[in-house]
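Asks: Please see the structure below; I have some questions.
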Amino acid sequence: MTKSVTDVICPFCGTLCDDLEVVVSDDGKTIVDVYNACAIGAEKFMHAQASGRVTRPRMQQPDGSYKEVSYDEAVEYTAQMLAKSKKPLMYGWSSTSCEAQSVGHEIAEQVGAIVDNTATVCHGTTLLAVQDVGIPSCTLGEVKNRADRIIFWGCNPCHAHPRHMSRYSIFPRGFFTNKGHKNRKMIVVDPRNTDTAKMADIHFQIEQGRDYELLSALRVALRKEVLPDTVAGVPKEKIYEAAELLTSGRFGIIFFGMGVTQTLSKNHNIDEAIMLTKDLNEFTKFSIMAMRGHYNVTGSGQVLGWQFGYPFCVDLSRGFARYNPGETSSNDLLRRGEVDAVFVLGSDPGAHFPISSVKKISELPSVAVDPHITPTTEVAKLHVPVAFVGVEVGGNCYRMDNVPIDARKVVDPPEGVLTDEEFLTRVNKRVKELMEA
Amino acid sequence: MEGGKEKDAYRKACGIIEMDPSDLKKLGAWRNTNVKVTSPHGSVIVKAVEATQGPHPGLGYIPMGPWANSVTDPNTYSTGMPTFKGVPIEVEIAMNEPVLSSIELVQKKCRGEI
Amino acid sequence: MSEYLIKNGFVFDPVQGIKGDKADIAVKDGKIVKSSEISSKAKTIDAKGKSVMAGAVEIHAHIAGPKVNEGRNYRPEEKLFGYTPKKTGSRMAGGFSIPTTFKTGYEYARMGYTTAMEAAMPPLYARHVHEEIKDTPIIDEGAYPVFGNNWFVLEYLKNKEIENVAAYIAWLLTETKGYAVKIVNPGGTEAWGWGLNCISIHDPVPYFDVTPAQIVQGLLEANEYLGLPHSIHVHTNNLGNPGNYETTLDTFKLAEGYKAKNKFGREQVLHHTHVQFHSYGGDNWGNFESKSKEIMEYVNKHDNITIDLGQVTLDETTTMTADGPFEHHLTELNHLKWANVDVELETAAGIVPYIYSPNIKVCGIQWAIGLELALLAKDPMRTFITTDHPNAGPFTRYPRVMKWLMSEKARKDQIDAFKYSDKVVAATHLASLDRELTMYELAQMTRAGPAKALGLAHLYGGLKPGMDADIAIYDLNPEKPATPDEIEAAFSRARYVMKSGTPVVVDGEIVSHGNKRTLWVNAKVNENPQVVRDIKDKFLRYYSVNQANYKVANHFVPNPYIIEVDATQ
């Protein structure tokens, strides 16, 4: 016999689908099947069950190999490393619960660490832009119920947020959008003819890195001012046409992703996209939303916000919280050699940071807390395996529109494996003892 | 990617460069040839595949992962965000060189072996 | 639990009618008791030459939740100065108009405030509000979910289905662990979903075809049907616009003929918040003027209404409200950064920084209006001091507001400091008001009054045996005249503060995180299959989360104080 757990939250991307159904074996130990999830989400649940999973901490040996150690030893190493360090970097926090983040921040406050999350390589530039010019936004349900103009700018939900279009943005029939996708016009801006672009009413195949120009051109077109013949490779007629399409809608939204946050103009792209949105509110109702990646990177920004007042790059090393991206951001700190220890939880900088930063991590005392084996765990001095949040332990998470959803536990973690929160709580206790001594 | 980064599936999905057929032709490479991608910030061996979401002549696309991060521009220009996209690269055929697994690649780069 | 005896202080307690007499206050097991009930082991606290009051009660402030946190995160510039480091027993704390949760708890406690109500909780974000409340030390807190633009409410009230609204309110209070029925720009915020607004209380809401007046009156009736501890808590339409006092009076009039029905001793049926923002005359910024007399004349005559001030403090601050269209209007006015969130089926919110400059005429007039409302109030038990934190200024400026209210000289000094003092004087009544509030009246406006209006008079606001031992001791000797600055200094840093019998502030410094509680109302109604069906249907078709993932689980509220209401007869 099997049993079914309903209303399960998917701990993959910022879409944070909460309608999964997971079938588990009678003893509650094995996941048999996953319904309603996208392929990636389903794989995440099934991967939790893969054989050969590491269930005990492993310490790197002088020859580069790893040797199993106890959780007690892992707690001791981590606490000693953090307590001794002058300026440790505590990075990640995006694939874990808010409860775990909160304990992590308590540790960071005691040892004077820098707390940074994956926004630093993802939507950090968005956060900077919001600090410059604000952000008019809405919840995903508003999009479902009202939106008739949808722009995907520099993002590819078909691959990165697979259920976004079916649950919220393109296909669902909402209160004022009872014809589903027939009520909506879709514009995609991407230098590649992506699978998302192929579905669009209009695809602007923009020259790579010229987003700022096209955004500015749309603002010009809204004002019916003069444009050059082409902007960013797009003929001006098409830009005027798009401006007309946007202003003729009742409720529009721009979703944007890495295509604008990671290119050279960085936060300036987002500034311009937000100002375009603000301009559009002179004509109709318009919102803008970042397509957040990790399922709880948004939550990390929230918890940091109410505890310290900044969404990422929070430097606690001087005894009070400071914030200065470019100085207190992970990659800048690593590149300049300003940190003397690295603690990673809920992220994989080994795969997602430029290799020069990864090299610095590998040279420092370092701990990687992660259920998986990743490039990070394989260069860190200590790997601490933990339970999967959202599969083997619950906890609060924030969706890309900042809506908090409490993730559910579906199965037990392997015998003896700690959760993030349990491991951090033990480290916190030990750090307290060391700092008071 | 969620199936395990130590697995071969990850290497096959992300240890690639998607290139426009016209660029492959210019390079004189067949599809699925290993190539060496070099930028001012490093180099890496990946498999050249035909663009699935093209055409985009002149544009190469390496999915997010340690292979891409071997050649991306780490400069953040005081924003905290490395310049991951829009990095000028050169591609040359490296038929006999292997595409390393993510873990091998990162470990070897960290030890300075490659 | 420990025992305490606070000796020789000058006691101000409206609950017992004590107006500055010397009296001892005894505490046992977290409650105030008769002096005869404590043993000789009780710890003595000498309050000689000092004033003793109950802990103050904040009835309206934006201190926890999504828009507060967006404010924090999008204003890093706010935290450049004044960050305090971690100390033994307290966390690092920073921010000015939107302080971190730790700072919020510490600053309230230092001023002798021991309870605070978060004024607008979007139901879909209730979990976030409670996460922040959990991280706000010392003070007891509750949160008001917003109802005035909720689709269920709009649809039921279109057909005047009061019982269904009541059943929905009861359900939502339980789901969100909420405290009271908040109404913000009724109908106007739903209209904002299309970039529109409802300016008067008779503008119909687009599509839903119900008016703000019907929404307010319907929710008022449902609130009294349930007999909730607090009345409806209203921020009416047309906030911030010249000439809006007529809309405000129209809204007040909706309460005429209604009498409070509840078991908590609450007498009002409508609380109108931050009335300063709603008491404007004129029809443009040039002839903008005070209409506080007209407003207070009405309030003084109608004892089923309570109000709070929304006093402008003349600071740089961060405005935030569920009145989405107003914030858009404001960003068009001052061109500062604008954040907005529309929340499906429920509400919206906007945020814009704002600088209340003493060099701007309108800001000076706004400042005067707030003070006028308090000084024209005949019944201090129905007019409460707030700054609508952080909208008219941060709550940390309460001591300054108290100074202005208690000292005509302090007010005159401020008027003289305005760049356009003549114009401010001409457009307001303040210069002709010589009233100075007494300590007793202050205790009414900040303790007994708000506690009673919240239906919490059995717990808070007084020093009568049986009430919670929430006590503040200030360095103010009523027998010696204090200068305005001494008044402000004394209220800024209480000598001693006790929360539920635990000392939390000693000599102005935090000594304990106390044992904070979250207040919420559990209202029972008769089974209502229609409402149950409607809720299920809305979640299936229009919400973006499943119904099973909506409820705020108990672990988000680790130390609840649940108020039971039974409306099943």
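Asks: When ligands, DNA and RNA are left out and all protein chains stay put, how many square angstrom of accessible area per residue does the range B:8-111 have with a 1.4 Å probe?
Replies: Values: 4830 Å² over 104 residues.
On a per-residue basis, the range B:8-111 sits at 46 Å².
Asks: Calculate the dipole size of the protein assembly as shown relative to its Cα centre from +1 charges on Lys and Arg beta carbons and -1 charges on Asp and Glu beta carbons; express the result in debye to the nearest 20. All intermediate terms of the calculation are to be shown ahead of the outcome.
Replies: Values: 121 positive and 136 negative charges, 163 e Å.
Here the size comes out at about 780 debye.
Asks: For a quick size check, give me the Cα extents of the range C:54-120 along its three principal axes, largest first, whole Å.
Replies: Largest first, the range C:54-120 extends 35, 32, 15 Å along its Cα principal axes.
Asks: Let me have the 222 nm mean residue ellipticity of chain A computed from DSSP H runs of 4+ only, each contributing -39500 (n - 2.57), with the sum over all residues rounded to the nearest 500. Intermediate results must be reported in sequence, preceding the final value.
Replies: Numbers: 15 runs with 148 residues, N = 437.
That calculation yields -10000 deg cm²/dmol at 222 nm.
Asks: Picking from A:Arg219, A:Arg53, A:Arg408, which is most flexible by a Gaussian network model of chain A using Cα springs under 10 Å?
Replies: Of A:Arg219, A:Arg53, A:Arg408, the most mobile in the Gaussian network model is A:Arg53.
Asks: Another question, if that's okay. Angle between the Cα long axis of helix A:297-308 and the longest principal axis of chain A, 0 to 90 degrees, nearest 10?
Replies: Around 70 degrees separate the two axes.
Asks: Decide, for the range C:342-394, between rounded, prolate and oblate: order the square roots of the alpha carbon gyration tensor eigenvalues as a ≥ b ≥ c, take rounded if a/c falls under 1.5, and otherwise choose prolate if a/b is larger than b/c, else oblate. Write down the numbers at each step before the final one.
Replies: On the way: a/c = 3.16, a/b = 1.32, b/c = 2.39.
Taking the square roots of the gyration eigenvalues as a ≥ b ≥ c, the range C:342-394 is oblate.
Asks: So what are the ³J(HN,Hα) numbers for the range C:559-566, from phi and the Karplus equation (6.51, -1.76, 1.60; θ = phi - 60°), rounded to whole Hz, Gly and Pro as x?
Replies: Ordered by residue, 3J(HN,Hα) equals 10, x, 10, 9, 9, 8, 10, 10 Hz.
Asks: Please compare each pair in C:Lys291/C:Lys378; A:Lys224/A:Lys278; C:Lys134/C:Lys551; A:Lys236/A:Lys285; C:Lys253/C:Lys301 to a cut-off of 22 Å on the Cα-Cα distance and tell me which ones are over it.
Replies: Details: C:Lys291/C:Lys378 17 Å; A:Lys224/A:Lys278 16 Å; C:Lys134/C:Lys551 17 Å; A:Lys236/A:Lys285 24 Å; C:Lys253/C:Lys301 12 Å.
Those over the limit are A:Lys236/A:Lys285.
Asks: If you take each beta carbon of peptide A:340-352 and count the beta carbons of other chains within 10 angstrom, what is the mean? Let's see the in-between values first.
Replies: Working: counts 0, 0, 0, 0, 0, 0, 0, 0, 5, 1, 9, 14, 7.
Mean shielding by partner chains, rounded to a whole number: 3.
Asks: Of A:Ala243, A:Ala119, A:Ala79, which is the most mobile in a GNM of chain A whose springs link Cα atoms less than 10 angstrom apart?
Replies: A:Ala243
Asks: I've got another one for you. Looking only at other chains, what is the average number of their beta-carbon atoms within 10 angstrom of each beta-carbon in B:59-69?
Replies: Values: counts 4, 0, 3, 0, 1, 8, 4, 10, 2, 4, 12.
The per-residue average across the peptide is 4.
Asks: Sticking with this structure for a sec: Percent relative contact order of the range A:56-186, based on C-alpha pairs within less than 8 angstrom and at least six residues apart? Before the final figure, lay out the partial values.
Replies: On the way: 119 pairs, mean separation 20.7, N = 131.
Relative contact order for the range A:56-186 comes out at 16 percent.
Asks: A further question follows. Using a basic spin-label model with each label point 7 Å from the Cα along Cα→Cβ, how many nm lie between B:Trp30 and C:Asp566?
Replies: Each label point lies 7 Å from its Cα, and together they span 8.4 nm.
Asks: Of the DSSP beta bridges with both residues in the range B:8-111, give the percent that are antiparallel, rounding to the nearest 5. Walk me through the intermediate numbers first.
Replies: Details: 13 of 17 bridges.
Bridges in the range B:8-111 that DSSP calls antiparallel: roughly 75 percent.
Asks: Is the shape of the range A:126-201 best called rounded, prolate or oblate, per the rule: a/c under 1.5 gives rounded, else a/b larger than b/c gives prolate, else oblate, with a ≥ b ≥ c the square roots of the Cα gyration tensor eigenvalues?
Replies: Here the range A:126-201 falls in the oblate category.
Asks: Ballpark to the nearest 100 Å², how much total accessible area do B and A bury together, probe 1.4 Å? Don't skip to the answer; put the middle values down first.
Replies: Details: alone 7370 and 18000 Å², together 21580 Å².
Roughly 3800 Å².
Asks: Where does chain B land at 222 nm, in deg cm²/dmol rounded to the nearest 500, when only DSSP H runs of n ≥ 4 count, each adding -39500 (n - 2.57), divided by all residues? Mind dumping the intermediate values first?
Replies: On the way: 4 runs with 28 residues, N = 114.
After summing the helix terms and dividing by residue count, I get -6000 deg cm²/dmol.
Asks: May I pose another question? What does the net charge come to around B:Ser102 if you take all other residues with beta carbon closer than 12 Å to its beta carbon, with K and R at +1 and D and E at -1?
Replies: Details: positive: B:Lys5, B:Lys7, B:Arg11, B:Lys12, B:Lys108, B:Lys109; negative: A:Asp348, A:Glu378, B:Glu6, B:Asp8, B:Glu104.
Around B:Ser102, the surrounding residues sum to +1.
Asks: For the range B:63-108, what's the relative contact order in percent, using C-alpha pairs closer than 8 Å and at least 6 residues apart? It would help to have the intermediate numbers written out before the result.
Replies: Values: 23 pairs, mean separation 16.1, N = 46.
Relative CO of the range B:63-108 lands at 35 percent.
Asks: What FRET efficiency comes out for the pair C:Asp434/A:Ile202, r = Cβ-Cβ distance, R0 = 60 Å, nearest 0.05? Walk me through the numbers on the way to the answer.
Replies: Values: r = 68 Å, r/R0 = 1.14.
FRET efficiency, C:Asp434 to A:Ile202: 0.30.
Asks: Between A:Asp33 and A:Leu245, what is the label-to-label distance in nm when each label sits 7 Å out along the Cα-to-Cβ direction?
Replies: That separation, rounded to one decimal, is 4.0 nm.
Asks: Excluding same-chain residues fewer than 8 positions from A:Lys238, which aspartates and glutamates have a Cα within less than 13 Å of its Cα?
Replies: A:Asp201, A:Asp229
Asks: Also, quick follow-up: What order do you get for C:146-156, A:249-259 when each peptide is scored by the mean count of other beta carbon atoms within 10 Å, highest first?
Replies: On the way: C:146-156: 25.5, A:249-259: 23.5.
So the peptides C:146-156, A:249-259, ranked by packing, come out C:146-156, A:249-259.
Asks: Take C:Gln530, project a point 7 Å from its Cα along the Cβ direction, then tell me which residues of the range C:172-186 have their backbone nitrogen under 20 Å from it.
Replies: Under cut-off, by backbone N: C:172-173.
Asks: Solvent-accessible area per residue for the range A:124-290 at a 1.4 Å probe radius, Å²? Kindly include the intermediate steps, with their values, before the conclusion.
Replies: On the way: 5510 Å² over 167 residues.
For the range A:124-290, the solvent-accessible area averages 33 Å² per residue.
Asks: Could you please report the charge total around C:Val531, scoring K, R as +1 and D, E as -1 over all other residues with beta-carbon less than 14 angstrom from its beta-carbon?
Replies: Details: positive: C:Lys524, C:Arg533, C:Lys536, C:Lys538; negative: C:Glu155, C:Glu161, C:Glu163, C:Glu175, C:Glu527, C:Asp534, C:Asp537.
Overall, the nearby charge balance is -3.
Asks: Identify all aspartates and glutamates with a Cα-Cα distance to B:Lys7 below 20 Å; exclude those on the same chain that are fewer than 8 residues away in sequence.
Replies: A:Glu43, A:Asp348, A:Asp370, A:Glu378, B:Glu97, B:Glu104
Asks: Over the range C:143-453, one equal point on each Cα, no solvent: what is log10 I(q)/I(0) by the Debye formula at q = 0.07 Å⁻¹?
Replies: For the range C:143-453 at q = 0.07 Å⁻¹, log10 I(q)/I(0) is -0.25.
Asks: Related question: Determine the shielding of peptide A:189-197 by partner chains: average, over its residues, the number of Cβ atoms on other chains within 10 angstrom of each Cβ. Please list the in-between numbers first.
Replies: Details: counts 0, 2, 7, 10, 6, 4, 2, 1, 1.
Mean partner-chain Cβ count within 10 Å for A:189-197: 4.
Asks: With the cut-off at 1.5 for a/c, could you classify the range A:124-290 from its C-alpha gyration tensor as rounded, prolate or oblate?
Replies: Details: a/c = 1.34, a/b = 1.27, b/c = 1.06.
Taking the square roots of the gyration eigenvalues as a ≥ b ≥ c, the range A:124-290 is rounded.
Asks: Still on this structure, I have one more. May I ask for log10 I(q)/I(0) of the range A:298-353 at q = 0.23, 0.28 Å⁻¹, from a Debye sum over the Cα atoms as equal point scatterers with solvent left out?
Replies: Once normalised to I(0) and log-transformed, intensities are -1.09, -1.32.
Asks: Continuing with this model, one more query. What is the sum of charges, Lys and Arg at +1 and Asp and Glu at -1, for the other residues whose Cβ falls under 11 Å from the Cβ of C:Gly393?
Replies: Numbers: positive: C:Arg397, C:Arg400; negative: C:Asp315, C:Glu316, C:Asp388.
Overall, the nearby charge balance is -1.
Asks: Could you tell me the total accessible area buried at the A-C interface, probe 1.4 Å, in square angstrom to the nearest hundred? Walk me through the numbers before you get to the answer.
Replies: On the way: alone 18000 and 20680 Å², together 33600 Å².
It comes to approximately 5100 Å² buried between A and C.
Asks: If you keep only loop residues by DSSP, which chymotrypsin sites (Phe, Trp or Tyr not before Pro) in the range A:261-310 have at most 15 other Cβ atoms within 10 Å of their Cβ? Don't skip to the end; give the middle numbers.
Replies: Working: sites: A:Phe283, A:Phe286, A:Tyr295, A:Trp306, A:Phe308; in loops: A:Phe283, A:Tyr295.
Qualifying residues, ordered by number: A:Phe283.
Asks: What number comes out for accessible area per residue over chain C if the probe is 1.4 Å? Units Å², please.
Replies: Value returned for chain C: 32 Å² of accessible area per residue.
Asks: Taking a 28 Å limit on the Cα-Cα distance, which of the listed pairs C:Lys293/C:Lys452; B:Lys36/B:Lys85; A:Lys87/C:Lys337; A:Lys360/C:Lys87 fall beyond it? Let's see the in-between values first.
Replies: Values: C:Lys293/C:Lys452 25 Å; B:Lys36/B:Lys85 18 Å; A:Lys87/C:Lys337 34 Å; A:Lys360/C:Lys87 33 Å.
Long pairs (Cα-Cα over 28 Å): A:Lys87/C:Lys337; A:Lys360/C:Lys87.
Asks: Moving on. Out of the DSSP beta bridges found with both residues in the range A:124-290, what percent are antiparallel (nearest 5)?
Replies: 10
Asks: Using only C-alpha positions, report the orientation-averaged shadow area of the convex hull of chain C, nm², one decimal.
Replies: Numbers: hull surface 96.3 nm².
About 24.1 nm², averaged over all directions.
Asks: What does DSSP give for the protein assembly as shown in terms of the percent of beta bridges that are antiparallel, rounded to the nearest 5?
Replies: Values: 79 of 161 bridges.
Looking only at bridges with both residues in the protein assembly as shown, the antiparallel portion is about 50 percent.
Asks: Please compute the Cα-Cα pair-distance distribution of the protein assembly as shown with 10 Å bins starting at 0, giving whole percents from short to long.
Replies: Values per bin, smallest distances first: 2, 10, 19, 23, 20, 14, 8, 3, 1, 0.
Asks: Here is a follow-up. Summarise the accessible area of the protein assembly as shown (1.4 Å probe, protein heavy atoms) by the percent that is carbon and sulfur. Each step should come with its number before you reach the end.
Replies: Numbers: 18640 of 37180 Å².
Here it works out to 50 percent.
Asks: Hey, can you grab everything whose amide H is under 5 Å from the amide H of C:Thr319? Only 5+ residues off in sequence or another chain; H modelled, so Pro and N-termini drop out.
Replies: For C:Thr319, the qualifying residues are C:Val352, C:Tyr354.
The values are calculated or read from the model by the stated rules, or taken from the named source; none is laboratory data. Everything numeric in this text was worked out from a predicted model, so none of it was measured. Cβ atoms come from the backbone with ideal geometry, glycine included; neighbour counts cover every protein chain shown. Heavy atoms of the whole protein, side chains included, go into the accessibility calculation; ligands, DNA and RNA do not. Shrake-Rupley method; radii C 1.70, N 1.55, O 1.52, S 1.80 Å.
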